[in-house]
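Peer 1: I have a structure here, written as C-alpha cells, and I will follow up with some questions on it.
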Amino acid sequence: MRKILVGAEAFDLGVEVDAMRRGRTDIGAIASFVGLARDLNEGSGVAAMTLEHYPGMTEKALTALVGEACSRWSLLDVTVIHRVGRLLPGDPIVLVAVASQHRGEAFAACEFIMDALKTRAPFWKKEETPDGERWVEARASDDAAAARWERT
C-alpha cells in the first residue's frame, strides 16, 4: 500500500504510523522522517514560510520517487505527506514513513525518498523575514545528498 498526499492540513506521525501497521504482522520495521519549519534560515529570522507546488505534477513526481524506492528495496508500505500553504516555525512540513521486514531497508528507503524529494519534487518555498519576503534557493548540500544515491 502507498499513501501520497499533498495538502494544507497538518498530519500526525503517530496516527500515520498506526494506520501503516494496523492489522499487519509482516512489518518488522518502520522508519520515519518529519521535517519541521524553522525560525532561522541563512542567518535570518523566519516568521513564516509559504510552500507552493504544481498540482498534479507534484503528486506524479512523488509517486515516481516512491516507485523507485520500491524497486530498490523490499518495502511493505510507504507514506509521503507534504504540506503546502503558509506554515509557522515548528509546524510539520513533510512526513516520509517506510515499512519493511528489516530496519536496514526501511532506513535506506526513507532517507532516499527524502533526499530525492528535496531535489526532484516541484515545491517552491518563500520565507517571511524581518527584511521582507525571499524565495529559498536550491542547496548544494541537497544536491550532494541526492547524488550519492546515483552511485548505489
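Peer 1: From ARG134, ARG86, grab the single residue that is under 23 Å from ALA8 (Cβ atoms) and at pLDDT below 95.
Peer 2: ARG134
Peer 1: Which of (1) out of contact with any strand residue (DSSP E or B) (no Cβ under 9 Å at 6 or more places or on another chain); (2) β-branched (Val, Ile, Thr); (3) not in a helix (DSSP H, G or I) is the odd one out, the single condition THR119 does not satisfy?
Peer 2: The failed condition is (3).
Peer 1: Quick check on this structure: which one of ALA64, ALA109, ALA147 is surrounded by fewer than 16 Cβ atoms within 10 Å (Cβ to Cβ), at pLDDT 95 or above, of a type in the set (A, V, I, L, M, F, W, C) and in a helix (DSSP H, G or I)?
Peer 2: ALA64
Peer 1: (1) free of Cβ contacts under 8 Å to residues at least 12 places away in the same chain; (2) in a loop (DSSP other than H, G, I, E, B): which one isn't true of PRO55, the others all being true?
Peer 2: (1)
Peer 1: Here is a follow-up. Name the residue that is surrounded by the fewest Cβ atoms within 10 Å (Cβ to Cβ), counting only residues in the range 115-144 that are out of contact with any helix residue (DSSP H, G or I) (no Cβ under 8 Å at 6 or more places or on another chain) and among the β-branched types (Val, Ile, Thr).
Peer 2: Looking at the filtered set, the residue picked out is VAL136.
Peer 1: Cβ contacts < 6 Å: first residue part of a strand (DSSP E or B), restricted to the range 32-51; second residue modelled with pLDDT of 95 or more and surrounded by fewer than 16 Cβ atoms within 10 Å (Cβ to Cβ), any location; separation 6+ or different chain. Result?
Peer 2: VAL34/LEU13; ALA48/ARG86; ALA48/LEU88; THR50/ARG86; THR50/LYS126
Peer 1: Then there is this: Look at the range 77-103 and say how many of its residues are out of contact with any Gly (no Cβ under 6 Å at 6 or more places or on another chain), free of Cβ contacts under 8 Å to residues at least 60 places away in the same chain and either β-branched (Val, Ile, Thr) or not in a loop (DSSP other than H, G, I, E, B) (or both).
Peer 2: 2
Peer 1: Among the candidates THR79, THR58, THR25, THR50, single out the residue that is out of contact with any Leu (no Cβ under 6 Å at 6 or more places or on another chain), surrounded by 20 or more Cβ atoms within 10 Å (Cβ to Cβ) and among the polar types (S, T, N, Q).
Peer 2: Exactly one of THR79, THR58, THR25, THR50 is out of contact with any Leu (no Cβ under 6 Å at 6 or more places or on another chain), surrounded by 20 or more Cβ atoms within 10 Å (Cβ to Cβ) and among the polar types (S, T, N, Q), namely THR79.
Peer 1: In addition: Scan the range 93-112 for residues that are in contact with a helix residue (DSSP H, G or I) (Cβ under 8 Å, 6 or more places away or on another chain) and under 13 Å from GLY35 (Cα atoms) and jot them down.
Peer 2: Listed by number, the residues that qualify are VAL94, LEU95, VAL96, ALA97.
Peer 1: Conditions: (1) among the acidic types (Asp, Glu); (2) modelled with pLDDT under 95; (3) within 20 Å of ALA108 (Cβ to Cβ). GLU42 meets all but one. Number of the miss?
Peer 2: With respect to (1) among the acidic types (Asp, Glu); (2) modelled with pLDDT under 95; (3) within 20 Å of ALA108 (Cβ to Cβ), GLU42 is out only on (3).
The values are calculated or read from the model by the stated rules, or taken from the named source; none is laboratory data. Remember, predicted model here, so these are calculated numbers, not experimental data. Every residue, glycine among them, receives a Cβ derived from its backbone with ideal geometry; neighbour counts consider all protein chains shown.
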